[in-house]
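Below is one structure, written out as structure tokens; comments come after it.
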Amino acid sequence: MEPPPQIVVDGVRKVYETPSGPVEAVARASFTIRRREFVSILGPSGCGKSTLLMMIAGLDPASEGSITVDGAPVTGPRPEFGLVFQDATLLPWKSALENVLFPIRMMRREVAPARERAMRLLDFVGLGGFEGKKPHQLSGGMRQRVAICRALVHDPELLLMDEPFSALDAITRDEMNVALMDIWDAYHKTGVFITHSIREAVFLSDRVLVMAKRPSTVVADVTIPFPRPRDMSIQEDPEFNRICGELRARIEEGYARAGEARGPRRSLKAFA
Ligand SMILES: Nc1ncnc2c1ncn2[C@@H]1O[C@H](COP(=O)(O)OP(=O)(O)O)[C@@H](O)[C@H]1O
Ligand SMILES: [Mg+2]
């Protein structure tokens with residue numbers, strides 16, 4: 001028998017009350033994610049991706065509907081969640097190692113065994129020897145790698161990532177995709193990854209959920225069939241490009257539904 005899904009998002013809606021009236025950030029979202037699945041949520045800017053992730057993380061309550069993780073409703077952040085944001089948000093006065101250990105100290109867990117794990121993680125992402133460096137001594141890609149190690153240091157069951165590589169240049173971003181893939185193969189947790197890059201989503205994921213704007217909802221759920229471990233060469237595969245084309249078409253449909261005129265050129269550029 002199939003085990004029950006780990007994450008269940010059921011009829012979730014989010015409305016923000018603002019001085020200029022209510023803003024519907026997520027109109028309706030329903031989907032499930034299995035344990036150890038890596039799922040990307042792909043969609044244009046402003047379609048509610050971050051809001052959805054914050055609700056799954058327990059950092060923002062849903063206005064309607066329910067979210068459960070491992071059968072229990074999410075009512076706040078949990079130790080089994082690990083989070084990575086677009087900005088690495090490292091503490092500037094602390095070393096890379098101390099930044100990675102920060103959640104351990106916050107959770108008042110034993111530091112000695114965690115230090116070993118932190119060092120292994122840093123080594124794994126190619127930062128062996130950099131553990132004593134401060135954030136300003138590291139490149140953007142390195143800082144983001146530290147942030148990923150920090151999210152994994154307490155061995156969370158669930159890694160939630162909100163456009164972690166969006167601020168990086170294209171080459172660094174490719175490197176980070178490969179690094180994340182390697183981490184995934186080694187640690188194999190459940191992953192929810194927000195992005196507006198089609199290729200990044202297809203490369204990394206077992207499934208891609210496409211979100212549209214107005215109404216903000218999930219319009220497609222596409223399974224990515226490539227076996228793991230994967231490397232960059234799958235991006236040359238005609239099937240890879242076929243799937244990217246299919247996802248692009250679903251995003252275009254989303255624009256059309258929202259009544260937004262977006263010529264293909266502009267859209268292609270936005271989703272390169
Ligand atoms: N705290 C907030 N208060 C009011 N409106 C918000 C807030 N957060 C997000 N929004 C609005 O909700 C919509 C979705 O935002 P967001 O989830 O950040 O989208 P995405 O991450 O896909 O770019 C946007 O229109 C945004 O302006
Ligand atoms: Mg966002």
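Would you mind counting up the charge near Val74? Only other residues with Cβ under 12 Å from its Cβ, with Lys and Arg at +1 and Asp and Glu at -1.
Values: positive: Arg78; negative: Asp10, Asp60, Asp70, Glu80.
Net local charge, Val74 excluded: -3.
Which order do the peptides 152-160, 14-22, 69-77 come out in when sorted by mean C-beta neighbours inside 10 angstrom, highest first?
Details: 152-160: 20.0, 14-22: 10.4, 69-77: 12.9.
The packing order, highest mean first, is 152-160, 69-77, 14-22.
I need the fraction of alpha carbon pairs in the range 122-272 separated by more than 23 Å, rounded to a whole percent.
On the way: 4759 of 11325 pairs.
Within the range 122-272, distances greater than 23 Å cover 42 percent of Cα pairs.
In the P(r) worked out for the chain, what percent of Cα pairs fall beyond 23 Å?
On the way: 19853 of 36856 pairs.
Roughly 54 percent, once rounded to a whole number.
Provide, for q = 0.12, 0.27 Å⁻¹, the log10 of I(q)/I(0) from a solvent-free Debye sum over equal Cα point scatterers in the range 142-222.
Those come out to -0.36, -1.50, one per q.
One-quarter of the Cα convex hull surface for the range 43-177, in nm²? Could you put the intermediate results ahead of the total?
Values: hull surface 36.9 nm².
The orientation-averaged projected area of the Cα hull of the range 43-177 comes to 9.2 nm².
Which semi-axis lengths, in whole Å and largest first, follow from the square roots of five times the eigenvalues of the Cα gyration tensor of the range 16-82?
Numbers: eigenvalues 99, 45, 23 Å².
One finds semi-axes of 22, 15, 11 Å for the range 16-82.
To the nearest 500 deg cm²/dmol, what mean residue ellipticity at 222 nm is calculated for the chain from DSSP H runs of n ≥ 4 alone, each contributing -39,500 (n - 2.57), summed and divided by the residues?
Values: 8 runs with 98 residues, N = 272.
Estimated from H runs of four or more residues: -11000 deg cm²/dmol.
For a quick protection proxy, order the peptides 220-229, 247-256 by their average other-Cβ count within 10 Å, most packed first. It would help to have the intermediate numbers written out before the result.
Working: 220-229: 12.9, 247-256: 18.0.
Taking the mean over residues of other Cβ atoms within 10 Å, the ranking is 247-256, 220-229.
Cross-link candidates for Lys94: which lysines have Cα within less than 30 Å, leaving aside residues fewer than 8 places away along the same chain?
Straight-distance partners of Lys94: Lys133, Lys134, Lys189.
For the range 88-156, go through all pairs of different Cα atoms, get the mean of 1/r, take its inverse, and jot down that Kirkwood value in Å. Show your work: numbers first, answer last.
Working: mean 1/r = 0.0870 Å⁻¹.
Final number for the Kirkwood radius of the range 88-156 is 11.5 Å.
Assuming R0 = 22 Å, what is the FRET efficiency of Asp237 and Arg35, from their Cβ-Cβ distance, to the nearest 0.05? Before the final figure, lay out each step's value.
Working: r = 27 Å, r/R0 = 1.24.
In this case the efficiency is close to 0.20.
For Lys134 and Asp60, what does the FRET efficiency come to when R0 = 45 Å and r is the distance between their Cβ atoms, rounded to the nearest 0.05? Walk me through the numbers on the way to the answer.
Numbers: r = 31 Å, r/R0 = 0.69.
The formula returns an efficiency of 0.90 here.
Mind telling me which of Met176, Met107, Met55 comes out most flexible in a GNM of the chain, alpha-carbon contacts under 10 Å?
Met107
Read-outs throughout are calculated quantities, based only on the coordinates presented, and are distinct from any laboratory measurement. The structure displayed is predicted, hence computed values, not measured ones. Because the Cβ atoms are built from the backbone with ideal geometry, glycine has one as well, and the counts that use them run over all protein chains shown.
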